[in-house]
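Undergrad: Next up is a structure, given as structure tokens.
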Amino acid sequence: MSTVTATAESAPVRVRPRRRRLGVVGVVGLALLILLVGSAIFAPWIAPYNPEESSGNPFAAPSRLHPLGTNDIGQDILSELIYGTRISLAIGFLAAIVAISIGTLIGTVAGYFGGWVDAVLMRAVDVVLVIPFLPLMILIAAYVGPSFWNIILVIGLLVWARPARVLRSQVLSLKSLDYIDAARALGAPASRILRLHVLPGVLSLSLAQFILAASNAILIEASLSFLGLGDPTAKSWGSILYYAQVRSAFLTGAWLWWVLPPGLLITLAVLGFAFTGFALEEVLNPRLRGMS
Amino acid sequence: MVRFLAGKGVQYALVLLFAVTLNFMLPRMMPGSPLVFLAGEDVGFLSEAQRTELLRSLGLDQPLWRQYVQYLGNLATGNLGYSFQKGRPISEIIVERLPWTLLLVGLALLAATLIGVVWGTLVAWRRGSAFDLGSLGISMFFESTPSFWLGMIFIAVFAARLRWFPIFGAQTPGVSLAGWAMVANTAWHLALPLATLTLITIPGNFLIMRYSMLTVLGEQYIATAKAKGLAERTVIYRHAMRNALLPMATVVMLNLGFIASGATVIETVFSYPGVGRLLYEAVLNRDYPVIQATFFILTVSVIAANVLADLLYPLIDPRVRHAR
């Protein structure tokens with residue numbers, strides 16, 4: 001069958017070979033992620049102290065016992081950072097799951113049904129994209145109160161718009177393919193076509209969008225925690241910076257071990273997710289291939 | 001052109017309606033009395049009669065739809081409510097704070113757009129060079145860095161260590177200056193927050209400009225221009241950059257929400273007396289009416305800037321100007 005079509009079309013169509021490798025950027029991103037996820041999982045074995053106990057004098061400079069010194073109540077900063085990885089990554093992952101679930105649902109429905117459904121949903125996407133997101137999150141977080149799950153919900157409920165837009169355009173191009181037409185001609189109900197034919201086509205792209213959303217969520221969580229809206233019982237990297245700011249650590253020599261490391265970790269985590277996401281997107285999204 | 005603006009108008013009206021309705025619903029949806037959110041936590045100490053009186057004076061005994069109508073009427077007449085924490089009408093506080101935010105955000109937007117455009121143009125022209133790759137790396141770093149952290153590092157290094165810049169505020173307190181001395185003092189205080197906000201805003205502009213420029217450079221008319229033997233400078237700036245700029249206008253608008261968010265945390269770090277800092281103070285004091293008013297004002301500012309950009313856009317894109 002394939003030979004027949006190949007000979008029928010005399011002019012050979014040049015197809016760009018599908019990229020299966022992540023490339024240098026993707027490998028670096030993945031390595032960063034593995035490193036951070038690893039230290040989150042094995043925190044109790046890596047961290048020298050329990051981060052919630054005061055294990056030294058307050059405001060101590062780095063020493064052999066405390067490689068990154070101690071904070072205002074004598075807790076070991078290195079241990080805080082290692083355990084903080086758990087909170088920051090968990091919030092990033094979970095908020096991204098919320099965002100991608102909503103984004104995939106809305107993007108798929110809008111793209112598949114088109115018409116007024118599409119118009120209404122895309123208007124909603126535009127509204128979310130225009131509004132200044134951090135003040136909106138601060139407003140909602142101030143009302144619902146700072147807790148681990150509330151922060152995840154607030155971030156997740158406001159980060160879905162961009163993935164929804166990307167996935168919608170993917171569904172639009174899937175919709176015009178012959179096998180979807182065939183399924184529709186055979187009388188398959190929309191729910192069946194969506195579940196069996198459309199969703200598998202967008203899942204790989206959702207994965208790339210999921211990772212980009214997680215990098216976004218980590219950065220937003222850091223901002224919220226820094227403004228004092230983080231969960232006080234679960235210290236993330238952002239909360240560590242909040243306490244450093246409240247205790248004016250950045251006006252003393254302590255900025256080197258109390259302010260610098262948490263920010264670098266946030267940057268590395270965001271970069272790790274972003275690199276992996278970009279590389280995956282390039283492998284998975286046919287239209288982006290060869291453009292960068 | 002008219003249809004383009006009308007479509008945009010509907011979108012902004014929806015954004016505004018969403019923000020206003022959310023502000024109206026939040027205190028009334030929460031468990032417990034809305035009084036706690038609208039009149040401060042001290043209401044716990046009031047007698048039953050005083051509470052009823054307060055409910056009545058705030059109109060909270062009315063049916064919900066009448067409260068909503070009254071709420072819209074208040075906003076339309078510039079009444080943003082009352083801060084029980086500060087004992088002042090909120091609109092008064094906002095009028096004091098807004099100019100500082102507009103100064104900071106306006107200059108950062110201008111600087112970041114100019115730098116992003118020129119940088120992206122030059123880098124695209126030398127695609128694949130060490131300059132291109134280095135620029136991509138640097139912009140990715142600043143795109144991924146928390147803005148408040150960058151601000152803290154700047155204070156630690158340039159203000160606390162080197163003492164080149166002040167640590168907080170918009171002007172030296174307790175000193176009354178006039179004329180150029182005041183301008184210089186203000187600029188000196190503005191330098192670090194402005195640098196921080198500009199640095200985190202550049203990468204978005206730079207990456208889009210580079211991408212847009214790469215697309216344009218692949219067009220036939222660029223090859224023609226080069227073949228005619230025009231100077232490199234002429235091809236870059238007159239033929240390529242002008243067309244590559246068009247998508248930038250949209251990106252700069254989409255970035256406004258991002259910049260407003262960045263300004264909120266950066267003003268907090270530098271104790272800069274703008275609307276963002278006001279939002280932070282209100283969160284600390286649980287001054288809910290002020291939190292709501294700041295969110296409202298920031299949303300209105302972003303919409304206003306969008307409208308301005310929409311009105312200016314036809315000036316740079318003749319296709320929109322002549323479309324019917």
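Undergrad: Being crowded, with 18+ Cβ neighbours inside 10 Å and not acidic (Asp, Glu) narrows it down to one of B:Phe45, B:Phe37, so name that one.
TA: None of the others qualify; the one that does is B:Phe37.
Undergrad: Out of all the residues in region B:255-266, is one or more without any contact (Cβ under 8 Å) to a residue 12 or more places away in the chain and either of a type in the set (S, T, N, Q) or at the interface with another protein chain (Cβ under 8 Å from one of its Cβ atoms) (or both)?
TA: Within region B:255-266 (the criterion being without any contact (Cβ under 8 Å) to a residue 12 or more places away in the chain and either of a type in the set (S, T, N, Q) or at the interface with another protein chain (Cβ under 8 Å from one of its Cβ atoms) (or both)), the answer is yes, since at least one residue qualifies.
Undergrad: Sticking with this structure for a sec: Considering only region B:1-77, give the helices (runs of 4 or more DSSP H) lying wholly within it that have at least 2 residues that are in contact with a helix residue (DSSP H, G or I) (Cβ under 7 Å, 6 or more places away or on another chain) and at pLDDT below 80.
TA: Passing ranges, in order: B:2-29, B:35-39, B:48-57.
Undergrad: Is it the case that A:Gly74 is on the phi > 0 side of the Ramachandran plot, surrounded by fewer than 20 Cβ atoms within 10 Å (Cβ to Cβ) and either of a type in the set (Gly, Ala, Ser) or free of Cβ contacts under 8 Å to residues at least 12 places away in the same chain (or both)?
TA: yes
Undergrad: Another one. Kindly list the number of the only condition in (1) part of a helix (DSSP H, G or I); (2) out of contact with any His (no Cβ under 6 Å at 6 or more places or on another chain) that fails for A:Leu158.
TA: Condition (1) is where A:Leu158 drops out.
Undergrad: Right, something else. Quick one: would you say B:Arg242 is under 27 Å from B:Leu197 (Cβ atoms) and either under 29 Å from the mean Cα position of the chain (by Cα) or not charged (D, E, K, R) (or both)?
TA: So B:Arg242 fails the test.
Undergrad: Which of (1) within 30 Å of B:Ile303 (Cα to Cα); (2) in contact with a Phe, Trp or Tyr (Cβ under 9 Å, 6 or more places away or on another chain); (3) crowded, with 22+ Cβ neighbours inside 10 Å; (4) touching a residue at least 12 places away in the same chain (Cβ under 8 Å) does B:Ser147 not meet, given it meets every other one?
TA: Going through the list (1) within 30 Å of B:Ile303 (Cα to Cα); (2) in contact with a Phe, Trp or Tyr (Cβ under 9 Å, 6 or more places away or on another chain); (3) crowded, with 22+ Cβ neighbours inside 10 Å; (4) touching a residue at least 12 places away in the same chain (Cβ under 8 Å), B:Ser147 breaks only (2).
Undergrad: Could you grab me the full set of residues in region B:103-158 that are charged (D, E, K, R), within 11 Å of another protein chain (Cβ to nearest Cβ) and touching a helix residue (DSSP H, G or I) at 6+ places or on another chain (Cβ under 6 Å)?
TA: B:Glu143
Undergrad: Further, regarding this structure: Out of all the residues in region B:59-75, is one or more within 19 Å of A:Leu136 (Cβ to Cβ) and within 12 Å of chain A (Cβ to nearest Cβ)?
TA: No: region B:59-75 contains no residue that is within 19 Å of A:Leu136 (Cβ to Cβ) and within 12 Å of chain A (Cβ to nearest Cβ).
Undergrad: When you scan region B:282-323, how many residues do you find that are within 12 Å of another protein chain (Cβ to nearest Cβ) and outside any helix (DSSP H, G or I)?
TA: The total comes to 3.
Undergrad: Which number in (1) in a helix (DSSP H, G or I); (2) surrounded by fewer than 15 Cβ atoms within 10 Å (Cβ to Cβ); (3) of a type in the set (Gly, Ala, Ser) marks the one condition that B:Gly174 misses?
TA: All conditions are met except number (1).
Undergrad: Restricting the search to region B:151-206, which residues are on the phi > 0 side of the Ramachandran plot and not basic (Lys, Arg)?
TA: B:Gly169, B:Gly174, B:Gly179, listed by residue number.
Undergrad: Now a separate question. What do you reckon, is B:Thr196 among the hydroxyl-bearing types (Ser, Thr, Tyr), within 14 Å of chain A (Cβ to nearest Cβ) and surrounded by fewer than 23 Cβ atoms within 10 Å (Cβ to Cβ)?
TA: Spelling it out, it is not the case that B:Thr196 is among the hydroxyl-bearing types (Ser, Thr, Tyr), within 14 Å of chain A (Cβ to nearest Cβ) and surrounded by fewer than 23 Cβ atoms within 10 Å (Cβ to Cβ).
Undergrad: Among the listed residues A:Leu203, A:Leu158, which satisfies the condition of being within 20 Å of the chain's Cα centre (by Cα) and under 30 Å from A:Ala141 (Cβ atoms)?
TA: A:Leu158
Every residue, every condition in (1) under 29 Å from B:Leu17 (Cβ atoms); (2) touching a residue at least 60 places away in the same chain (Cβ under 8 Å); (3) more than 14 Å from chain B (Cβ to nearest Cβ), yes or no:
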| site | (1), (2), (3) |
| --- | --- |
| A:Ala95 | yes, yes, yes |
| A:Val125 | yes, no, no |
| A:Val130 | yes, no, no |
| A:Phe133 | yes, yes, no |
| A:Phe148 | no, yes, yes |
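Undergrad: So A:Phe226 ticks every box in (1) in contact with a helix residue (DSSP H, G or I) (Cβ under 6 Å, 6 or more places away or on another chain); (2) aromatic (Phe, Trp, Tyr); (3) modelled with pLDDT under 85 but one. Which box is left unticked?
TA: (3)
Undergrad: Then there's this: Kindly indicate whether B:Leu279 is buried (at least 19 other Cβ atoms within 10 Å of the Cβ), facing chain A (nearest Cβ under 7 Å) and part of a helix (DSSP H, G or I).
TA: In short, yes.
Undergrad: Checking B:Pro273 against (1) at pLDDT below 90; (2) outside any helix (DSSP H, G or I), only one condition comes out false. Which one?
TA: It fails just one condition, (1).
Undergrad: Report, by residue number, each residue of region A:217-245 that is in a helix (DSSP H, G or I), more than 10 Å from every other protein chain (Cβ to nearest Cβ) and surrounded by fewer than 24 Cβ atoms within 10 Å (Cβ to Cβ).
TA: Hit for region A:217-245 is A:Tyr243, nothing else.
Undergrad: Among the numbered criteria (1) within 28 Å of the chain's Cα centre (by Cα); (2) closer than 29 Å to B:Ile259 by Cα, which single criterion is violated by B:Tyr68?
TA: Status for B:Tyr68: all satisfied but (2).
The values are calculated or read from the model by the stated rules, or taken from the named source; none is laboratory data. Predicted, not measured: the structure shown is a model, and the values here were computed from it. Don't worry about glycine lacking a Cβ; one is built from the backbone with ideal geometry, like all the others, and counts go over all protein chains shown.
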